[in-house]
Amino acid sequence: MFVDPEFATEPTSAFSSFEEATRYLERACALMDVNHLAYTLMRSVDGAPELAAWVATYDPAYMSYYMETYTQFGDPTFETAFTNNAVIDWVEMLTRDSMSQELLPMAARYGITKYGVSIPLMDGDFGNVLFSVNVKSNDEEWTAVRGSLVERFRPFAHYFHGRIKPLIELRKLAEIDFST
C-alpha cells in the first residue's frame, strides 16, 4: 500500500496510547526523511467544533504556543482544506494568509520550515482529519518536492488514521458519563 517499503509490513492494530502514536510518527519522520508529521482530527459535537486529537512531532513548546495563541479553530489552513477538500501548500498559504505569516517566525524557532503540505481526509460523522508533512527544501525545488509528498503521504495518512481512530473512540467512550 505504501510507496516506501518500510511501511508495507507495518502493524494494523490500534495504537495503545497517544504516546505510542507520537513515537510512531517520530520514527516515520526519520525513515521517510521529513522534519515533522502531524495528525489533527476535528469534528462537531452538537454543532460545535471540537478538537478530538492532535498528534504531532512538533516541539511541545511550539504546540503550546500555537494552542494559546491561535488554535485550529479559525486557522485558515484548516478552513480552506476542509471547505475545498484540497491539499494545502504552506508556501502558497504564506502569500495570502496573515496568520501563517505571523506564525512562521515562531515555527522556524522550533525547526518548522515554510515547506509543507496538509492533506485533508474526510471520515463522515467521525470527523475531518488534516495530516501535515513538513520538510527541508528551497524555493527552486519546492514544486517537485510538494507533489511527491502528497503522493507518498496520502496513503500513510489513511494508514495512520486507521490505527489511531480506535484509540480516539476509546477515549471518547471513557469521557461519557453513564450515571446520568
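In terms of the Cα gyration tensor, with a ≥ b ≥ c the square roots of its eigenvalues, is region 62-105 rounded because a/c is under 1.5, prolate because a/b exceeds b/c, or oblate? Judged from the Cα gyration tensor, region 62-105 comes out oblate (a/c at least 1.5, b/c at or above a/b). Could you please state, rounded to a whole Å, how far the C-alpha centre of region 7-66 is from the C-alpha centre of region 113-141? A separation of 12 Å, based on Cα centres. A cut-off under 14 angstrom between Cβ atoms defines the neighbours of Gly124, and their net charge, with Lys, Arg +1 and Asp, Glu -1, is -1.
Counting only DSSP H runs of at least 4 residues, each contributing -39500 (n - 2.57), and dividing by the residue count of the chain, the helix-based mean residue ellipticity at 222 nm comes to -15500 deg cm²/dmol. Straight-distance candidates among the aspartates and glutamates for linking to Lys114, with alpha-carbon spacing under 15 Å and chain neighbours fewer than 8 residues away dropped: Asp89, Glu92, Asp97, Glu102, Asp139, Glu140, Glu141. Peptides 73-84, 53-64 ranked from most to least packed by the mean count of surrounding Cβ atoms within 10 Å: 53-64, 73-84. Available extension along the chain between Val145 and Glu169 is 5.2 nm, counting 0.36 nm per residue and deducting the alpha carbon span. Just how many % of Cα pairs in the chain lie over 25 Å apart, if you round to the nearest whole percent? That fraction is 32 percent.
In the chain, taking the dipole from charged Cβ atoms about the Cα centre, the farthest positive-side position among Val45, Phe153, Thr12 is held by Thr12. Overall, the chain carries a charge dipole of about 200 debye about its Cα centre when +1 sits on the Cβ of Lys and Arg and -1 on the Cβ of Asp and Glu, all other atoms neutral.
Were the residues from Phe126 through Arg109 laid out at 0.36 nm apart, the gain over their Cα-Cα distance would be 2.7 nm.
Read-outs: derived from the displayed coordinates by stated rules, not from any lab. Since the structure is predicted, the reported quantities are computational estimates derived from the model, not experimental observations. Glycine gets a Cβ as well: all are built from the backbone with ideal geometry, and neighbour counts include every protein chain shown.
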